[in-house]
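Everything on this sheet refers to the single structure shown next.
The values are calculated or read from the model by the stated rules, or taken from the named source; none is laboratory data. Only a predicted model underlies this, so the values are computations on that prediction, with no experimental measurement involved. Neighbour counts run over all protein chains shown; Cβ positions are idealised from the backbone, glycine included.
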Amino acid sequence: MQPSVKVQAETLDRSGGEFSTWLRFALLFLILCGLIYPIATTRLGDVLFPRQAQGSLLERDGVVVGSELVGQPFSSDRYFIGRPSAAGDGYDPTSLSGSNWAASNPDLRTRAEASSAEIAARENVDPSEIPVDLIAASGSGVDPHISPAAARLQVSRVAEARGLGAAQVQQLIDENTERSPIGLGQPGVNVLTLNLALDALSFGQSN
Amino acid sequence: MIDVVLIYGLAFLLAWPLGHYMARVFRSERTWLDPILNSLERGLYWLIGINSTQGMTWFGYARALLFSNLLVGVVAYLVFIFQGSLPLNPNGIPGMSWDLALHTAASFITNTNQQHYSGQAQLSYLSQMVGITALQIVTPAAGLAALVAILRGLFGGRYASTATAGEPRDLGNYYVDVTKAITRVLIPMSLVLALLLTWQGVPSTFEGAKTATLVDPQGEVTEQTIPVGPVAAMVAIKQLGTNGGGWYGPNSAVPLENPTPLTNLFESVSIILIPIAIVFMVGYFTRRKRFGMLALGVMTVISVVLAVTVIAAENGSNPTFQGLAAAGPNWEGKETRFGPTPSALWATLTTQTSNGSVNAMHDSFTPVGGMVPMIGMLINETYGGIGVGFVNFLVFLFIAVFIAGLMVGRTPELFGRKLEAKEVKLAAIALLIQPLLILVPTAIALSFPDLTGNSNPGFHGISQVFYEYTSAFANNGSGFEGLGDNTIWWNVTTSANLILARFIPIFAPLAIAGFLAVKRVAPETAGTLRIETPIFAATLVSVIFILTLLNFLPVLVLGPIGEQLVAVPEITASVDQEWVQASRALFGRPQ
């Protein structure tokens, strides 16, 4: 296990060093772990995966219109609409947050009743048909996804507003559904990329 | 379900060889990184100004750990206060208030990472790196070093065979142990994980926040600011180092911090990987593999029981949504790409291991689902924080050996060394500060409701306050985040709690190990209490549950249990009489 003979002649250190040792230790490791490690790692990541490293940004006609990984607020009938968001006034990445409301909190009930009524009216469905994730706020407040069921619920409204066929819209949903090939987590429909695809389709038709 | 199997499975599969490697590192045996790292480490020792072969007594070791850590904290505190005028601040973030800087430094120097700030808004890139990331590497290394020193002590210290009787023993050199933990374990693993995360979408840049034009402008709001930064480097060590403090406020719930189900797998495995590897390491390091297996068995039983409970609770429905949507699991506070099961599993793993990162909001869990993380933090040793988790386990081992010794009427012994009054008293102190430091401030805060800043009323408000102090004491860092916790009251009281709860539970066992090391070893005989048996394992599990949970049963009844039994049925009474009647029948309450 250990060498059986003392390799050093010194007596044991009973004091644990002195101020200059502690200070040198602190500064040295703040530099190694706080500057060298993060700078080297960050540069390497940026070189190997430049698109992801910069925030997986999406561009349209040379203008940045969002990030694949950050949900956006939508309210027009022409768009699919994401989950309720507690981040600022909704989907504000500078004040990311969940609701942090407990199941026993009346505020949660009030918000859920409002969401449920709004969605039922908007999609012209009975509340019992609304997938529950669509009236529950996400943890980050910028969840980019909704469940495939929550997307299906909105197909007829969006198709009608855009004068598209339901099958055409459903196909775009399928194309923008992200799922893990080995079945990890849950499949999610990326609302922003789906809406961008809808815009691209409508734009193509109007020309 | 596949998430659960893969997370536990991969963690065990990787932890086994990693534990073996770590044991070799701390026994100074040859490992594959030697050619690169030996000379680098010699340079570091030269810069610190130490002789790497110089051993330390338990007291010298404790002093080196305490003061080198405190100085790291002081420098971090100064960086937080002055970040406004320091470089690497592209988003122009001002300096922190004194109390928030104090809490942040205390929180990160104790491997807790409780956050009363929101990273993307209140920290410059320099603060995130030097103030946060650096401490996230140094503090788990300090915990690991402390464990290694304690293990050496339990077996007589280094060079036990040539030590003179009664002399203090050599528990190793703190600076060498901590350096090796950083250069040979934490930094290489973090580098690999950070690149995997960036591949999947975690930002890795020094540029400032990005601006996007909204596709569907909302009134006056036409743009979205997307905060980026050197995120991946920090998220990697936050997950691996039982740290938990994320770049963004809602932590790994944010898609930029945890973009896909695959990163969720990597990050979940990383939560428990080193804590489990440490249990394997102990078996190899002490050359008592059966002892390692005893610990692994005890911890895994507790871990799985907690995981099953919280997964079942979160897959049950949130009663608030009854009648408003189709039936489904509790989605409030959870991300679509993960869903209830991986979110629930994360919640229990992160609180068992003193990590404290989250991928869903614990505040919005069902009452029972929210109680499981509290219990994980109260036990705090399955598999526990890096190093300190196993140290906590050893404290319970001392107590269980003592109790078992009393039951069979023999002087309690551990590894041939007698546990006497002095050692048992120290172990008892390490245990008793827990109810003291959690319950007393909880009671004071609840007596003055203006102090607490709750976002939820009633039973859940009690849970929020209790959760905050429990998390501080466990050096966990997760929270029922609705709490308005950036106040002088919260910052100062939790800072005190953090520091005491970090260092007392390290120093008491370190002293015990120092005292045990010098004792004469009695040979094991037929009458010796054998700890590596199923019966002793069952005793140990009972001791852990009884000593931990009995202290806190009253407050758990006032918090999550009361919420489940009373508040939840009341809020749904107007909606769904059938559900209320069913739950009343279940809990036997008369109509």
Checklist entry - Which fully enclosed helices (runs of 4 or more DSSP H) of segment A:125-207 have 3 or more residues being more than 10 Å from chain B (Cβ to nearest Cβ) and surrounded by fewer than 18 Cβ atoms within 10 Å (Cβ to Cβ)? => result A:155-162, A:166-175, A:191-206
Item to check | From B:LEU191, B:LEU214, residue being surrounded by fewer than 21 Cβ atoms within 10 Å (Cβ to Cβ), of a type in the set (A, V, I, L, M, F, W, C), facing chain A (nearest Cβ under 8 Å) and more than 27 Å from the chain's Cα centre (by Cα) | outcome: B:LEU214
Checklist entry - Based on what the data block shows, is A:GLU118 under 28 Å from A:PRO93 (Cβ atoms) and either within 7 Å of chain B (Cβ to nearest Cβ) or in contact with a Leu (Cβ under 9 Å, 6 or more places away or on another chain) (or both)? => result no
Checklist entry - Out of all the residues in segment A:47-63, is one or more within 30 Å of B:MET234 (Cα to Cα), β-branched (Val, Ile, Thr) and more than 7 Å from chain B (Cβ to nearest Cβ)? => result yes
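Here is a yes/no grid of residues against (1) facing another protein chain (nearest Cβ under 7 Å); (2) surrounded by fewer than 20 Cβ atoms within 10 Å (Cβ to Cβ); (3) aromatic (Phe, Trp, Tyr); (4) on the phi > 0 side of the Ramachandran plot:
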{"residue": "B:THR179", "(1), (2), (3), (4)": "no, no, no, no"}
{"residue": "B:ASN264", "(1), (2), (3), (4)": "yes, no, no, no"}
{"residue": "B:ALA277", "(1), (2), (3), (4)": "no, no, no, no"}
{"residue": "B:LYS289", "(1), (2), (3), (4)": "no, yes, no, no"}
Next on the checklist: Can you tell me which residue is nearest to B:ASN380 (Cα to Cα) among those in segment B:443-467 that are part of a helix (DSSP H, G or I) and touching a Gly at 6+ places or on another chain (Cβ under 6 Å)?
Outcome noted: B:PHE466
Next on the checklist: Of everything in segment B:218-251, what is surrounded by 24 or more Cβ atoms within 10 Å (Cβ to Cβ) and more than 9 Å from chain A (Cβ to nearest Cβ)? Give them in sequence order.
Outcome noted: B:VAL235, B:LYS238, B:GLN239, B:LEU240, B:GLY241, B:THR242, B:ASN243, B:GLY244, B:GLY245, B:GLY246, B:TRP247
Item to check | Any pair with Cβ under 8 angstrom, 6 or more apart, that starts in segment A:12-29 at a residue that is over 17 Å from B:THR57 (Cα atoms) and more than 7 Å from chain B (Cβ to nearest Cβ) and ends at one that is buried (at least 19 other Cβ atoms within 10 Å of the Cβ) and not aliphatic (A, V, I, L, M) | outcome: A:PHE19/B:PHE67
Checklist entry - What pairs can you find where one residue is in segment B:183-206 and farther than 22 Å from B:PRO17 by Cα, the other is surrounded by fewer than 19 Cβ atoms within 10 Å (Cβ to Cβ) and of a type in the set (Val, Ile, Thr), and their Cβ atoms are less than 9 Å apart, with a gap of 6+ or different chains? => result B:PHE206/A:ILE39
Item to check | Answer residue from segment B:9-24, given it is surrounded by 13 or more Cβ atoms within 10 Å (Cβ to Cβ) and within 14 Å of another protein chain (Cβ to nearest Cβ) and is farthest from the chain's Cα centre (by Cα) among those | outcome: B:ARG24
Next on the checklist: So in segment A:77-91, with the set limited to residues that are modelled with pLDDT of 95 or more and out of contact with any helix residue (DSSP H, G or I) (no Cβ under 8 Å at 6 or more places or on another chain), which one is surrounded by the most Cβ atoms within 10 Å (Cβ to Cβ)?
Outcome noted: A:TYR91
Checklist outcome for this item: B:VAL391 fails exactly one of (1) within 30 Å of B:ILE182 (Cα to Cα); (2) modelled with pLDDT under 95, namely (2)
Checklist entry - Looking at segment B:195-204, is at least one residue more than 23 Å from A:THR94 (Cα to Cα), modelled with pLDDT of 95 or more, within 19 Å of the chain's Cα centre (by Cα) and not in a loop (DSSP other than H, G, I, E, B)? => result no
Checklist entry - Here are B:GLY84, B:GLY55, B:GLY9, B:GLY43: which of them is within 30 Å of B:SER495 (Cβ to Cβ) and not aliphatic (A, V, I, L, M)? => result B:GLY84
Item to check | The listed residue being of a type in the set (S, T, N, Q) and closer than 30 Å to B:PRO319 by Cβ, out of A:ASN190, A:ASN176, A:ASN195, A:ASN124 | outcome: A:ASN124
Next on the checklist: Report every pair of residues separated by at least 6 positions or lying on different chains whose Cβ atoms are under 9 Å apart, first residue within segment B:244-257 and assigned to a helix (DSSP H, G or I), second modelled with pLDDT of 95 or more and of a type in the set (D, E, K, R).
Outcome noted: B:ASN251/B:LYS238; B:ASN251/B:GLU257; B:SER252/B:LYS238; B:SER252/B:GLU267; B:ALA253/A:ASP143; B:ALA253/B:LYS334; B:ALA253/B:GLU335
Checklist entry - Does B:GLY384 satisfy being under 21 Å from B:PRO505 (Cα atoms) and either modelled with pLDDT under 95 or in contact with a Gly (Cβ under 7 Å, 6 or more places away or on another chain) (or both)? => result yes
Next on the checklist: I want to confirm something. Restricting to segment B:69-127 and keeping residues that are assigned to a loop (DSSP other than H, G, I, E, B) and β-branched (Val, Ile, Thr), which single residue is nearest to the other protein chains (Cβ to nearest Cβ)?
Outcome noted: B:ILE93
Next on the checklist: Take A:ASP61 and tell me if it is touching a strand residue (DSSP E or B) at 6+ places or on another chain (Cβ under 9 Å) and surrounded by fewer than 24 Cβ atoms within 10 Å (Cβ to Cβ).
Outcome noted: no
Checklist outcome for this item: Checked segment B:365-399 for anything among the small types (Gly, Ala, Ser) and part of a helix (DSSP H, G or I); matches are B:GLY369, B:GLY370, B:GLY376, B:GLY389
Next on the checklist: Among the residues of segment A:35-48, are any assigned to a loop (DSSP other than H, G, I, E, B) and either at pLDDT below 95 or out of contact with any helix residue (DSSP H, G or I) (no Cβ under 6 Å at 6 or more places or on another chain) (or both)?
Outcome noted: no
